[in-house]
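Accompanying notes for the structure given below.
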Amino acid sequence: MNKTLIIGVVIIGFFTLIALLAPFLSSYKPSDMDQTHMLMAPSAKHLLGTDSLGRDILSRMMYGARISLTIGLIAVGIATILGLILGSLAGFYGGFIDSLIMRFTDIMLCFPTFFLLLAAVAFLESSIFNIMVIIGLTSWMGPARLIRGEILSLKEREFIQAERALGASHFRIIAVHLIPNALGPVLVNATLGIAAAILLESGLSFLGLGVQPPVPSWGNILIESKSTLGIAWWITLYPGLAILLTILGFNFIAEGLKQKIGGF
Amino acid sequence: MDDLLKIRGLKINFYLGTQVITAVDGFDLDIGRGEVVVLAGESGSGKTVSALAITRILPRNARVVDGSIIFDGQDLLGLDIRQLRAIRGKDISYVFQEPSSYLNPVYTVGDQIMEAIRLHQNKTKQEAYAQTLKLLEAVKIADPARVAFSYPHQMSGGMNQRAFIAMSLASRPQLLIADEPTTALDVTIESEILQLLLTLKDTLGFSLLFITHNLTIARRIADRVAVMYQGKIVETAPVESIFTDPKHFHTKELISAYEQIGRI
Amino acid sequence: MENILEVKNICKDFKVEGGALMREAGVVHALTNVSFTVKEFDSVGIAGESGSGKTTLAKIILKLILPTRGEIIFNEQLIRNLRKDVQIIFQNPYNSLNPKMRVYDAIAEPLVIHAIIPRKKIKERVCDLLQMVGLQQKMSARFPAEFSGGQRQRICIARALACEPRLLVLDEPLSSLDLIIQSQLLDLFLALKEKLKLTYVLISHNLAVIKNITHSVVVMQQGEIVENEPTTEIFSHPRHLYTQKLLAAARE
C-alpha cells in the first residue's frame with residue numbers, strides 16, 4: 001500500500017466507523033430539541049455546539065454520516081452496475097448496438113447532471129431512496145464509456161480469441177473474462193464517483209430538494225446553518241469540514257488505487 | 001590479436017526497492033580489432049545488460065558494481081559521464097532490435113542521421129547532408145535522397161534497420177554493438193542485413209559484438225562465440241570448435257536444441 | 001485416410017479506412033484463392049514470412065473471422081462440434097491466458113463448457129492434463145504471471161487438450177520461446193500427436209520446426225499458395241523461386 005492510499009483509507013475508515021457506531025457514540029438523539037440550549041458554542045457538554053433548535057450538532061453529524069455515505073455508496077453502485085452492463089455490451093458487440101448505446105450515452109451527457117437531478121427530484125418525492133436511485137440513474141455515463149474503452153482493447157487480446165475458439169458463450173466471455181480484467185480502472189472511477197455523489201446530495205439538500213428534515217444529512221445540516229451563519233459559525237464549519245474530508249479521502253483512495261494498478 | 005575491448009569480472013546489480021538482484025556476475029570478454037564476436041544465450045541470461053554496461057547506458061535501477069572495461073587502452077568504468085558521452089556514438093555505437101521504435105517517429109531519417117553526424121563532428125548542415133547521402137548509399141539503400149526525407153513509419157522494418165545502421169556508423173566507430181538487430185525481421189531480410197554488416201565491417205574496419213539467441217547467425221558471421229548463461233560467460237571458443245566440441249553443459253544443451261530446430 | 005479438413009478457395013479482403021470521413025481508402029487482399037486439404041492423423045505445415053496471411057488463415061479455419069469468399073469444410077463424421085473438436089494454440093503465451101484466472105480454473109473451463117466429464121471428476125482430469133504436458137499438480141493454484149513463457153504455453157496446450165480435440169491448429173507455437181524450450185515443446189507436440197492421435201495444422205516461419213513435424217507443406221507468399229508438396233519434396237526439390245529463397249535464407 002502506498003501513502004496516498006493509506007491516508008485515504010484512514011479518513012474514510014474513520015467516517016465509516018462513526019456512521020456505523022452512531023447510536024453508541026452519540027450522547028443525544030439527533031432530533032432531540034433542547035429549548036434551553038439553543039445555538040450553544042462548542043463546549044464540554046456539546047462538543048460541536050447546538051443548532052437553532054437546540055439539537056446537538058455532533059450527534060446530528062454522526063447520523064448524517066450514515067445518510068451521506070449510504071447515498072454515495074448505493075448511488076455509485078447503481079451507476080457502476082448500469083455502466084458495466086451498457087459499456088460491456090457496447091464494447092463487446094460493437095456495430096449497431098454500440099452506436100445505439102453510445103449515442104444514448106452522449107445524449108444523457110448533454111444535460112448537466114445537476115439540472116437533470118433537479119428536474120427529476122421536482123417530480124418525485126425526495127426520499128432517501130429516490131435520491132440514491134436518481135443520482136445513480138444520472139451518473140452511469142462516465143463508467144459506461146470507461147468500460148466500453150477497456151472492453152474494446154481487451155477483446156482483441158489473444159486470450160479472448162482463445163475463449164471463443166473454446167466455445168465459451170458471450171455471457172461467459174463478458175462476465176468471467178472481460179469484466180474482471182476491466183475492473184481496475186472502474187474501481188478507481190467508482191471511488192471518485194462516491195465523492196461526487198456525496199457532493200451532489202449536499203448540493204440538493206442545500207437547495208432544499210435533498211434529504212428532508214428532520215432526518216439529518218451533512219448537506220441539510222449545512223443549509224439550516226445558513227440563517228445563523230453570522231452568530232453560530234460551528235453549525236456551518238463542521239458539516240462543511242466533514243464533506244470536504246470525505247471527498248478528499250475518496251480522492252486519495254482513488255489516486256492511491258490508480259498508482260497501485262499502474263495508471264490508465 | 002591486439003585487443004580493442006577487454007572486459008574482466010563485470011558485475012551488474014539491479015536495485016528493486018530494498019531488493020538487490022545480481023543480473024551479471026563473472027563476465028569476461030575480449031574483442032580484437034576487426035573481429036566479430038557473437039554473444040549467445042537465452043532470454044534473461046544477461047546479454048543485453050552486459051552490452052549496455054559497456055558505455056553505461058543502463059536502466060536507472062541498474063549499476064556496474066565490479067570489474068573493468070578496458071577500451072582502446074582506457075578503463076571506461078573510470079570515466080565520468082562527460083567523457084563517456086564523447087565515446088558513445090563516436091567510438092562505440094549500438095544497433096538495436098526494433099529499428100522502428102529506436103528511431104524517433106517525428107523526425108525524418110535524414111534529420112536523425114545528420115544529428116548523429118553533427119553530435120561528434122564539427123560539420124555544417126550541407127556537409128552533414130552530403131555525408132548522410134553517402135552513408136545511406138553505403139548501407140545499400142537504392143534511393144538515398146528519397147529515404148533521407150522519409151519518416152520511419154513510411155519505410156519497412158528492413159529499410160529502417162539499414163537507416164539505423166547508417167546512423168550508428170556516422171562517426172566511424174571502432175566497435176559496433178548489435179543487439180538482436182535482425183530478430184524482428186523476416187528471414188530473407190535478415191540474411192541481407194547480416195551480409196551488409198559483414199561487408200561494412202570489412203570496408204570500414206570496425207569490430208562487431210553481435211548479440212543473438214540464434215545460433216544459425218552465430219555460425220554464419222562469428223569469428224568467436226561467447227555463451228552466456230545465468231549472468232556468466234560460461235564458454236568462449238572459435239566458431240568452428242563451439243559447434244563440434246562444446247564444453248559447458250549449457251552450450252551442449254543449446255547446440256543440441258539448435259541441431260533439432262535451428263537447422264534444416 | 002479421410003480428409004478431416006478442406007480449405008476451399010478462401011479469399012479474405014480487409015477494407016482500409018482512411019481520411020477525415022473514414023471513407024474506404026482501399027482493400028488489402030490478405031488471402032487469395034487458398035485451397036488445400038488435411039487428412040486425418042496428418043500434419044500440414046503452413047510456411048511463409050510475416051504478412052503472408054498465415055494467421056488470418058488460422059482464424060478463418062477456426063471460424064473466428066469470416067472469409068470474404070470460399071468455404072471451410074470439416075468432415076462431419078470426425079468434427080461434430082467445431083468449438084470442441086478443433087482447438088488452436090497461439091503464438092504469444094503471455095497474451096493467451098486470462099491473467100486474472102488461476103491455472104486450475106483455466107484448464108477446468110473447457111471441461112465445464114462442453115460438459116466433457118462429470119463435475120466430480122474434473123479435479124482428477126485437470127491433474128492428468130497437467131501431467132500430460134509436463135507440469136506439476138501443485139502449480140494449478142497459481143496465476144499465469146508466475147510462469148515462464150514455456151510453462152504458459154504448456155498450460156495453453158493442456159487447455160486445448162481438455163476439449164479432447166481431433167484437429168489442433170498451432171499458430172507459431174514456438175516462435176516467442178527460447179531455443180531449448182522450443183526443442184522441448186517440439187518433442188511434446190510430437191509425443192502428444194502419437195499418444196492422442198491428433199491432426200496438426202502447423203503455422204510457422206521456421207522451416208526447421210516444420211520439417212520436424214509435418215508430412216506436407218503449404219508455402220504462402222502474400223496471401224497466395226505458391227507451393228504445396230510433401231515435406232521431403234519441399235526440402236529436397238523446392239520448385240518455386242520463393243520456396244528456394246526461404247530455404248536458402250534459412251540454410252546460410
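Structure notes:
Conditions (1) aromatic (Phe, Trp, Tyr); (2) within 17 Å of the chain's Cα centre (by Cα); (3) within 26 Å of residue A:134 (Cα to Cα); (4) not in a loop (DSSP other than H, G, I, E, B), marked per residue:
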| residue | (1), (2), (3), (4) |
| --- | --- |
| A:36 | no, no, no, no |
| A:44 | no, no, no, no |
| A:53 | no, no, no, no |
| A:63 | yes, yes, yes, yes |
| A:69 | no, yes, yes, yes |
| A:80 | no, yes, yes, yes |
| A:90 | no, no, yes, yes |
| A:97 | no, no, yes, yes |
| A:102 | no, no, yes, yes |
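- When A:192, A:222 are checked against the criterion of being surrounded by fewer than 24 Cβ atoms within 10 Å (Cβ to Cβ), free of Cβ contacts under 8 Å to residues at least 24 places away in the same chain, part of a helix (DSSP H, G or I) and more than 14 Å from chain C (Cβ to nearest Cβ), A:222 stands alone in meeting it.
- Of all residues in the stretch C:81-94, those that are more than 8 Å from chain A (Cβ to nearest Cβ) and part of a loop (DSSP other than H, G, I, E, B) have Cβ atoms under 7 Å from Cβ atoms of residues that are basic (Lys, Arg) and surrounded by 18 or more Cβ atoms within 10 Å (Cβ to Cβ), 6 or more apart or on another chain, in C:93/C:152; C:94/C:152.
- Among the residues of the stretch B:214-264, just one is among the small types (Gly, Ala, Ser), within 24 Å of residue B:12 (Cα to Cα) and either free of Cβ contacts under 8 Å to residues at least 40 places away in the same chain or within 14 Å of chain C (Cβ to nearest Cβ) (or both), namely B:237.
- All conditions in (1) part of a helix (DSSP H, G or I); (2) among the aliphatic types (A, V, I, L, M); (3) within 14 Å of another protein chain (Cβ to nearest Cβ) hold for residue B:167, with the sole exception of (3).
- In the stretch A:150-172, residue nearest to the other protein chains (Cβ to nearest Cβ) [restricted to those that are of a type in the set (D, E, K, R) and part of a helix (DSSP H, G or I)]: A:158
- Taken as a whole, the condition of being crowded, with 16+ Cβ neighbours inside 10 Å, within 14 Å of chain A (Cβ to nearest Cβ) and either in contact (Cβ under 8 Å) with a residue 60 or more places away in the chain or under 16 Å from the mean Cα position of the chain (by Cα) (or both) does not apply to residue C:63.
- Any chance residue B:208 is modelled with pLDDT under 95 and within 21 Å of residue B:35 (Cβ to Cβ): no
- Filter result (part of a helix (DSSP H, G or I) and over 20 Å from residue B:102 (Cα atoms)) within the stretch B:118-143: B:125, B:126, B:127, B:128, B:129, B:130, B:131, B:133, B:134, B:137, B:138
- Failed condition for residue B:11, given (1) closer than 14 Å to residue B:229 by Cβ; (2) in a strand (DSSP E or B): (1)
- Figure legend. Inter-residue proximity from the stretch C:117-138: first residues farther than 19 Å from residue C:154 by Cβ, second residues of a type in the set (D, E, K, R), beta-carbon distance below 7 Å, spacing 6+ or different chains. Indicated pairs: C:117/C:125.
- For the stretch B:27-54, the candidate set comprises residues that are away from every other protein chain (no Cβ under 14 Å) and more than 18 Å from residue B:176 (Cβ to Cβ); within that set, the residue that is surrounded by the most Cβ atoms within 10 Å (Cβ to Cβ) is B:27.
- Pairs where the first residue, in the stretch C:140-162, is touching a residue at least 12 places away in the same chain (Cβ under 8 Å) and closer than 13 Å to residue C:106 by Cβ and the second is of a type in the set (Ser, Thr, Tyr) and in a helix (DSSP H, G or I), C-beta under 8 Å, 6+ apart: C:140/C:104; C:141/C:104
- The set of residues from the stretch B:193-213 being in contact with a Gly (Cβ under 8 Å, 6 or more places away or on another chain) and touching a residue at least 40 places away in the same chain (Cβ under 8 Å) comprises B:201, B:205, B:206, B:207, B:213.
- Within the stretch B:145-156, considering residues that are in a helix (DSSP H, G or I) and surrounded by 18 or more Cβ atoms within 10 Å (Cβ to Cβ), the one nearest to the chain's Cα centre (by Cα): B:152
- Filtering the stretch C:95-109 to residues that are in a loop (DSSP other than H, G, I, E, B) and facing chain A (nearest Cβ under 8 Å) leaves C:95, C:96, C:97, C:98, C:99, C:100, C:101.
- The conditions of being more than 27 Å from residue A:138 (Cα to Cα), of a type in the set (A, V, I, L, M), under 27 Å from the mean Cα position of the chain (by Cα) and assigned to a helix (DSSP H, G or I) are met by residue A:18.
- Options C:126, C:112; residue that is among the hydrophobic types (A, V, I, L, M, F, W, C), in a helix (DSSP H, G or I) and within 11 Å of chain A (Cβ to nearest Cβ): C:112
- Restricted to the stretch B:171-264, the set of helices (runs of 4 or more DSSP H) holding at least 2 residues that are aromatic (Phe, Trp, Tyr) and buried (at least 17 other Cβ atoms within 10 Å of the Cβ) is empty.
- Residue check, residue C:70 in contact with a helix residue (DSSP H, G or I) (Cβ under 9 Å, 6 or more places away or on another chain) and on the phi > 0 side of the Ramachandran plot: yes
- Taking the conditions (1) within 12 Å of chain C (Cβ to nearest Cβ); (2) over 30 Å from residue C:159 (Cα atoms) in turn, residue A:125 satisfies each one other than (1).
Per-residue answers, yes or no, for (1) more than 22 Å from the chain's Cα centre (by Cα); (2) within 14 Å of chain C (Cβ to nearest Cβ); (3) among the aliphatic types (A, V, I, L, M); (4) not in a helix (DSSP H, G or I):
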{"residue": "A:139", "(1), (2), (3), (4)": "no, no, no, yes"}
{"residue": "A:148", "(1), (2), (3), (4)": "no, no, no, no"}
{"residue": "A:174", "(1), (2), (3), (4)": "yes, yes, yes, no"}
{"residue": "A:182", "(1), (2), (3), (4)": "no, yes, yes, no"}
{"residue": "A:199", "(1), (2), (3), (4)": "no, no, yes, no"}
{"residue": "A:208", "(1), (2), (3), (4)": "no, no, no, yes"}
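- Count of the stretch A:21-75 residues, restricted to those that are of a type in the set (Lys, Arg), without any contact (Cβ under 8 Å) to a residue 24 or more places away in the chain and buried (at least 19 other Cβ atoms within 10 Å of the Cβ), is 0.
- Residue check for residue C:112: within 20 Å of residue A:180 (Cα to Cα) and surrounded by fewer than 17 Cβ atoms within 10 Å (Cβ to Cβ): yes
- Consider the stretch A:87-110 and keep the residues that are surrounded by fewer than 23 Cβ atoms within 10 Å (Cβ to Cβ) and aliphatic (A, V, I, L, M). The one that is farthest from residue A:48 (Cα to Cα) is A:97.
Quick grid of which residues meet (1) touching a Pro at 6+ places or on another chain (Cβ under 6 Å); (2) of a type in the set (Ser, Thr, Tyr); (3) modelled with pLDDT under 85:
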{"residue": "A:4", "(1), (2), (3)": "no, yes, no"}
{"residue": "A:9", "(1), (2), (3)": "no, no, no"}
{"residue": "A:12", "(1), (2), (3)": "no, no, no"}
{"residue": "A:18", "(1), (2), (3)": "no, no, no"}
{"residue": "A:28", "(1), (2), (3)": "no, yes, yes"}
{"residue": "A:34", "(1), (2), (3)": "no, no, yes"}
{"residue": "A:47", "(1), (2), (3)": "no, no, yes"}
{"residue": "A:55", "(1), (2), (3)": "no, no, yes"}
{"residue": "A:62", "(1), (2), (3)": "no, no, no"}
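- Considering C:201, C:209, the condition of being over 26 Å from residue B:212 (Cα atoms) and surrounded by 21 or more Cβ atoms within 10 Å (Cβ to Cβ) is satisfied by C:201 alone.
The values are calculated or read from the model by the stated rules, or taken from the named source; none is laboratory data. Owing to the predicted nature of the structure, the values given are computational and were not obtained by experimental measurement. Heads up, the Cβs are rebuilt from the backbone with ideal geometry, glycines too, and the neighbour counts pull from every protein chain shown.
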